[in-house]
Amino acid sequence: MIEQILTASVFASTIRLATPYILAGLGETFSQRSGVLNLGVDGVMLMGAFFAFYTALITGSAVLGVIAALGVGLILGLATAFISVTLKAEQGISGIGIYLFGLGMSELLFQQWIGTPKSVTGFPDIFIPGLSDIEFLGIGEIFFQHNILVYVAFLLIPLSSFVLNHTTLGLMIRAVGQNPQAADAMGVNVTRVRYATVAFCGVMAALAGASLSIALLKVFQQNLTSGLGFIAVALVYFGRWRPYGILAGALLFSFVNAVQLQISAIGLDVPSEFAVMAPYVITIIALVFASKQTEKPTALTRPFERGE
């Protein structure tokens, strides 16, 4: 039975399913490292998913769909920054507001502009020459037969780690998240840094939504994400605000999801409710253990007031 479940296709699905978690989690990591908790990620993902799908549907171009999603994500990211940074609203409540806006608006636009479920061509899988043909342990199928957004997500892991830990920009982001008053005294524009990271979070969340609607599923429906954005926020805590930690958490959650789908596909006598619930239960357990050793950014959720 184990051989039926742990197949190469399951591990390949794990890689694919991890993509939206990685993209959204990386964006949220930058935002939180600068001191801003963005709970509106799921709403931005829904808007990005819808506009990517709709644009791809009417133009036939998945690339234009991604561009549309990035534009929507930037707008919503800047709106979130204005509410949380400029207006200094309570970040948890304002984030839920953005989420509800994205949830309701994406459903309304779907009903008004599309109406019935449709599919798009989306991004095809790219077979890396030479590597995709490796049959040993299914390595070729697992790692080198995916769409472009999968490769982009995994390449962003080392890039994000480098930016946060080895660049002046990363130093400023970390300083603003730990002690904004000290960063301000050293000449860092705290407001500008937080605007940039929250806007980036919006762009990444929208890209995560696009990866769902035009790369992974190639359809759009109401509440397509099913709370995936909130899992991405939780994975930031699980990963201790580090890109490689986000990767580990994303792979864990997507692996359990892939196993659950495989169990359903081969018809094992496991209650469907348990199979659906399992990924979330495992994530909660992992978060409980991870939270005991977590040191969050000191200024997380705290508005910056010059002179305090």
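The values are calculated or read from the model by the stated rules, or taken from the named source; none is laboratory data. All values reported here derive from a predicted model rather than from experimental measurement. FYI the Cβ positions are ideal-geometry reconstructions off the backbone, even for glycines, and counts take in every protein chain you see.
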From F30, F101, F110, F123, which residue is aromatic (F, W, Y) and outside any helix (DSSP H, G or I)? F123
Matching residues in segment 114-139 - criterion: being within 26 Å of the chain's Cα centre (by Cα) and touching a residue at least 24 places away in the same chain (Cβ under 8 Å): I114, P117, K118, S119, V120, T121, G122, F123, I126
One residue from A81, A18, A49 being under 14 Å from I214 (Cβ atoms), buried (at least 21 other Cβ atoms within 10 Å of the Cβ), at pLDDT 95 or above and touching a Phe, Trp or Tyr at 6+ places or on another chain (Cβ under 9 Å): A49
Between a first residue in segment 233-246 that is on the phi > 0 side of the Ramachandran plot and a second residue that is in a helix (DSSP H, G or I) and surrounded by 21 or more Cβ atoms within 10 Å (Cβ to Cβ), which pairs have beta carbons less than 6 Å apart while being 6 or more apart in sequence or on different chains? W241/T29; W241/R33
Restricting attention to helices (runs of 4 or more DSSP H) lying wholly within segment 141-227, give those where 3 or more residues are farther than 23 Å from R302 by Cα and either at pLDDT 95 or above or small (G, A, S) (or both). 148-166, 190-210
One residue from F82, F50 being more than 24 Å from F123 (Cβ to Cβ) and assigned to a helix (DSSP H, G or I): F82
Pick from I285, I263: which is surrounded by 15 or more Cβ atoms within 10 Å (Cβ to Cβ), modelled with pLDDT under 80, of a type outside the set (F, W, Y) and in a helix (DSSP H, G or I)? I263
Any hit, segment 189-208, residues being basic (K, R) and buried (at least 22 other Cβ atoms within 10 Å of the Cβ): yes
